[in-house]
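Worksheet: one structure, shown below.
The values are calculated or read from the model by the stated rules, or taken from the named source; none is laboratory data. This structure is a prediction, so every number in the text was calculated from the model and none was measured. A quick note on method: Cβ atoms are made from the backbone with ideal geometry, for glycine too, and the neighbour counts reach across all protein chains shown.
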Amino acid sequence: MSVTAPGSPSPAPSPAPSSSPAPAPSSTPAENADVDTHPTWPEELARVYREAGYWRGETFGEVLRARADGCGERVAVVDPVSGARWTYAELDARADSLAAGLLARGIGKGDKVVVQLPNVAEFFEVIFALFRIGALPVFALPAHRFAEIRYFCAFTGAAAYVIAGEHGGFDHRTLADRVRADVPTLRHVLVADADPGSHERLADAHAAPVPVPDPPQAHEPAFLQLSGGTTGVPKLIPRTHDDYLYSIRASNEICGVDEDSVYLCALPAAHNFPLSSPGTLGALYAGARVVLAPQPAPEVAFPLIERERVTLTGLVPPLALVWLDAAAHRTEDLGSLDVLLVGGAKFSEEAAQRVRPTLGCRLQQVFGMAEGLVNYTRLDDPEETVVTTQGRPISPHDEVRVVDADDNDVPDGTDGALLTRGPYTIRGYWNAPEHNAAAFTADGFYRTGDIVRRTPTGHLVVQGRAKDQINRGGEKVAAEEVENHLLALPGVHDAAVVSMPDAYLGERVCAYVVLRAGVEPPRPVQVKKFLRERGLAAYKIPDRIELTDAFPVTGIGKVSKKELRAAITARLHEK
Ligand code: OOB
């Protein structure tokens, strides 16, 4: 299977690794495979999606050009830290000049570029430059560290890595030195900082614009997004221009985004929620304005809402709680705020009820996933629906099934596992055939791992999760990934990572550890230090470590995580 959608108007051959004008020096192939593979939509469905007008054959690079032509003098991106206020014309020109500089460096169509930038204006020039030349951004989060970044670079055979100099007290340049020493394909590190360390300044990578030799096509992947994951290593999600642009256009309609909107990006810009639901790309699609918050805290975000007359933003539930509490004592005028989107994890009904009276804006719950399907409560839904459900799918062509353990459909109102396929839900992860066989049904439904109940109106209520993942306030932690790192700690015989309830984050990470006989028990701080030194992102480091002699097992002898979760929950309640 190739990246070429059978549904494409004129199926192109599988892409060459790079078609850039200045070919890269030969380098060691990616750790994983020599060609990009992932399953894609069958032709009969692709035709339906095109005929319905969902897939329009448009690419992100073309959309930006159209906005620059149509409303070039309007402000597109505001970065309050650098003071940048780029118009559409400026963003378009910057994307063009950076695209030329990247091509001159041998980065071209089909190449992968790991992008790890905080909420800075440069994020947008970088991704649009990559979209223009058909190189694929791999969206890392600012919190990722050596373990994750090395993996993304090695697995994708990344040609370049784009970083900030320092962010949140962490020096990304030093991390890049280590990754570069380890991953031979990585030829360029570009730093969005005046001091690039041993690397190159992003600002110096611009060149006089040139025609792009082999521009991307709309049915081809535009980027690789990260899955929250349930496995030892994160899976990569190939999203096409066609499918992502459809989800953005439809999201804009559902959330009332138009050219007068001002979107505050308070969550990390690379995450799928602030990127596309409707997010920064929705705002840019509409010719609206994006305001970047360097942090989501009320002290930072509220003054920006007042100053920039922000009309909508998106938050994960723990942050929404912080905003609700802060609104009572802060003095900024939040009157421009019209819509608050909350998603990424379950928002409690009690908190949802407080949004309108406390912040004076409308609430939209969002239940989405980087793999595709996004559900929103609608602006004209009854208040009861808005506060008690996580919304209904974007598209009339989103197929949703709620099934029992044997994949039989259950009636509305009954809990079941959510399966989905549709015009913007992937049909398979990137280069992961074995995992795809388990994560998708034979007829192409994605097994979301979420347990939901469907109401008669088609709204979904998230009831829980069947996947081995912890949702730490919207940040997803794959249990197996952390377990593998714990198993590398000398003296550890076995490890099982589970969620434990938390009033603020919803869930936190608890690691149960069984030591080898006779081993001196480590202190929790030593275990955490070990994981940090292995380069694991901070949000994955267990909040609590429990030493135990043996794990409870299920009838067939598997570790019973259900019992471990119950045990830690009971311990917490004892206090
Ligand atoms: C969003 O995307 P991901 O890929 O980080 O995580 C997806 C998973 C879902 O499968 C579900 O388990 C959980 O996050 N989730 C929710 C939720 N929204 C996401 N669980 C309960 N209630 C919700 N409202 O998190 C994401 C992507 C696009 C838009 C919004 C969120």
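Brief remarks on what is shown
- Boolean, V291 is crowded, with 22+ Cβ neighbours inside 10 Å, modelled with pLDDT of 95 or more, more than 16 Å from the ligand (Cβ to nearest atom) and not in a helix (DSSP H, G or I): yes
- Screening S20 with (1) of a type in the set (S, T, N, Q); (2) at pLDDT 50 or above; (3) touching a Gly at 6+ places or on another chain (Cβ under 9 Å) gives one miss only, at (2).
- Pairs, first within 18 Å of D502 (Cβ to Cβ) and charged (D, E, K, R) in the stretch 467-482, second away from the ligand (no atom under 11 Å from the Cβ) and at pLDDT below 95, C-beta under 6 Å, six or more apart: none
- Out of V212, V300, one residue alone is over 22 Å from D380 (Cβ atoms), free of Cβ contacts under 8 Å to residues at least 12 places away in the same chain, surrounded by fewer than 21 Cβ atoms within 10 Å (Cβ to Cβ) and over 17 Å from the mean Cα position of the chain (by Cα). It is V300.
- On the stretch given as the stretch 132-155, residues that are farther than 20 Å from P196 by Cα and more than 17 Å from the chain's Cα centre (by Cα) total 7.
- Test: V482 is more than 16 Å from the ligand (Cβ to nearest atom) and either in contact with a Phe, Trp or Tyr (Cβ under 9 Å, 6 or more places away or on another chain) or over 29 Å from F170 (Cα atoms) (or both): no
- Residue count for the stretch 76-117, restricted to those that are among the aliphatic types (A, V, I, L, M) and farther than 15 Å from A129 by Cα: 5.
- Residues that are in a strand (DSSP E or B), within 15 Å of the ligand (Cβ to nearest atom) and of a type outside the set (A, V, I, L, M) occur at least once in the stretch 507-518.
- Every residue from the stretch 316-369 that is within 13 Å of the ligand (Cβ to nearest atom), more than 15 Å from A266 (Cα to Cα) and not in a strand (DSSP E or B): A345, K346, F347, S348, E349, A351, A352
- Residue list for the stretch 214-230, filter: within 14 Å of the ligand (Cβ to nearest atom) and over 21 Å from V126 (Cβ atoms): S227, G228, G229, T230
- Residue within the stretch 241-261 that is of a type in the set (D, E, K, R), within 22 Å of G449 (Cβ to Cβ), touching a Phe, Trp or Tyr at 6+ places or on another chain (Cβ under 7 Å) and assigned to a loop (DSSP other than H, G, I, E, B) present: no
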